[in-house]
Amino acid sequence: MIQDLINKGLQLSKNSLFQKLLGKAGGLMSKPVKLGMLLTAAYGKLVDVDSDKSGFDQVKEVMQTFIRLVKAYINGNYRDVSKKSMLVGVAVLLYLVTPLDVIPDFIPVIGFLDDISLMAWFIDSFQKEITNFKAWESNKNFEPTIGTL
């Protein structure tokens, strides 16, 4: 099932709409305010207070981690990420919030299948970047104790 989603996401990443969004992502990288607005919109679309933990929640958690990564990148706190990962990730967020999908979101259930597929492909392709950021995030909260070892 997840491999099917990843394969579908790979196909969507080759779609002309996504390629156009990839170009737009490059322009957004130099505009922190607009990028911040995108992050807010994407976060709002990922948050679903009525859902129980599921596979979707796992995808949502990783994408929320990516949103935090982009915020840290914008603030200059975290730069240990490739530009390609940033551009592709921002393009995925643009696709997520763009009302013009390959499958429109207003169609119940299947309307979000393309969004989920593209996120699954992104997560599979850029897991190392996301894992490195999560490690950085947990280490930055580490406060060494003074005294005995």
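Every number in this text was worked out from the coordinates using simple rules, so none of it is lab data. None of the values given here were measured: they were computed from a predicted structure. Don't worry about glycine lacking a Cβ; one is built from the backbone with ideal geometry, like all the others, and counts go over all protein chains shown.
Between MET29 and any residue 5 or more places off or on another chain, the built amide H atoms are never under 5 Å apart. The slack in the chain from ASN139 to THR98, taken as 0.36 nm per residue of separation less the alpha-carbon distance, amounts to 11.3 nm.
Spin-label model, ILE74/MET37: points 7 Å from Cα along the beta carbon direction are separated by 1.1 nm.
For the listed residue pairs LYS83/LYS128; LYS14/LYS134; LYS34/LYS83, the alpha carbons are over 25 angstrom apart in LYS14/LYS134.
Length gained on full extension, LYS84 to ASN7: 25.8 nm, using 0.36 nm per residue less the C-alpha separation.
Between the beta carbons of GLU61 and SER16, assuming R0 = 30 Å, the FRET efficiency works out to 0.50 to the nearest 0.05. Taking packing as the residue-averaged number of other Cβ atoms within 10 angstrom, the listed peptides 24-33, 82-91 run from highest to lowest as 82-91, 24-33.
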